[in-house]
Amino acid sequence: MKVAILSGSVYGSAEEVALHVKQLLIDAGFEVLLNSRNNPTLAQVQAFAPEAFLAVTSTTGMGELPDNLLALYSAIKDSLPGAWRGLPGGIIALGDASYGDTFCGGGEQIRELFGELGVHEVQPMLRLDASETVSPETDCEPWVEDFIKALRQ
Ligand SMILES: Cc1cc2nc3c(=O)[nH]c(=O)nc-3n(C[C@H](O)[C@H](O)[C@H](O)COP(=O)(O)O)c2cc1C
C-alpha cells in the first residue's frame, strides 16, 4: 500500500517524527512518499497515486501551518482531487499546550482539509505536546502501530 506523508515543520521536530514514521512504515512493508524539507508538489503526490495519507505537522504563529507545508496545503485545498475521496488517513500534530486555544492548530487545519477531501481518519489525531515530551519520535510509536493495523484492515 502506498502512503503519502505530508510533513510541515519549522524547527525540525515534526520533520524528525516524519522521517522516523517513514522508516516504520517502510519496515512494515508500505511504499512511502516523503520529501524532506520541501514537500512534494501536488503533481508529484498525484503521480504517486497514494492509497493512504499521513500528515505530520507542527503548529506555528497562532495556530498556523508551517511555511514548508503551506504551498502543498493550498494546492490540495484549491483542487480537492476526487481520486482521493474515501482514502484512509491519519494526523500526527506537534504543538505546545501552553498556546491554549491554538494547541495543535496546524493539525486541526489538516483535519478540516481531510474532511473536505473525503479522506477519513482511521483513528483520532495524535497531539504531541512539546511542554510535556522531549522525544516525540518514540512517543508516536504506539499510535503508528495502531495506524498500521488500521490500514491493513
Ligand atoms: C513562534 C511559535 C509559535 C507557536 N505557535 C503554536 C501554536 O499556536 N499552537 C501550538 O500548539 N504550538 C505552537 N508552537 C509550538 C510548536 O508547534 C512546537 O514547539 C513544535 O514541537 C515545533 O515543531 P517543529 O520543530 O517541527 O517546528 C509554536 C512555537 C513557536 C516557536
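Evaluate the following for residue 127: is it in a strand (DSSP E or B) and either modelled with pLDDT of 95 or more or of a type outside the set (Gly, Ala, Ser) (or both)?
Considered against the rule, which asks whether it is in a strand (DSSP E or B) and either modelled with pLDDT of 95 or more or of a type outside the set (Gly, Ala, Ser) (or both), residue 127 comes out as yes.
Output the residues belonging to the range 76-135 that are within 14 Å of the chain's Cα centre (by Cα), near the ligand (Cβ under 8 Å from one of its atoms) and of a type in the set (A, V, I, L, M).
93, 94, 128
Based on what the data block shows, is residue 116 within 25 Å of residue 135 (Cβ to Cβ), at pLDDT 95 or above and part of a helix (DSSP H, G or I)?
Taking the combined requirement at face value, the residue does not satisfy it.
Between 56, 3, which is among the β-branched types (Val, Ile, Thr), surrounded by 19 or more Cβ atoms within 10 Å (Cβ to Cβ) and within 16 Å of the ligand (Cβ to nearest atom)?
That would be 56, the only listed residue that is among the β-branched types (Val, Ile, Thr), surrounded by 19 or more Cβ atoms within 10 Å (Cβ to Cβ) and within 16 Å of the ligand (Cβ to nearest atom).
Show the residue pairs meeting these rules: Cβ distance below 8 Å; 6+ apart or different chains; first residue within the range 98-110 and over 24 Å from residue 71 (Cα atoms); second residue buried (at least 22 other Cβ atoms within 10 Å of the Cβ) and among the β-branched types (Val, Ile, Thr).
Within 8 Å, the pairs are 99/59.
Hey, can you tell me all the residues within the range 23-61 that are among the aliphatic types (A, V, I, L, M), in a loop (DSSP other than H, G, I, E, B) and touching a helix residue (DSSP H, G or I) at 6+ places or on another chain (Cβ under 7 Å)?
The answer is 28, 34.
The values are calculated or read from the model by the stated rules, or taken from the named source; none is laboratory data. Bear in mind the structure is a predicted one, so any value in this text is a computation, not a measurement. Reconstructed Cβ throughout: ideal geometry from the backbone, glycine too, with neighbour counts over all protein chains shown.
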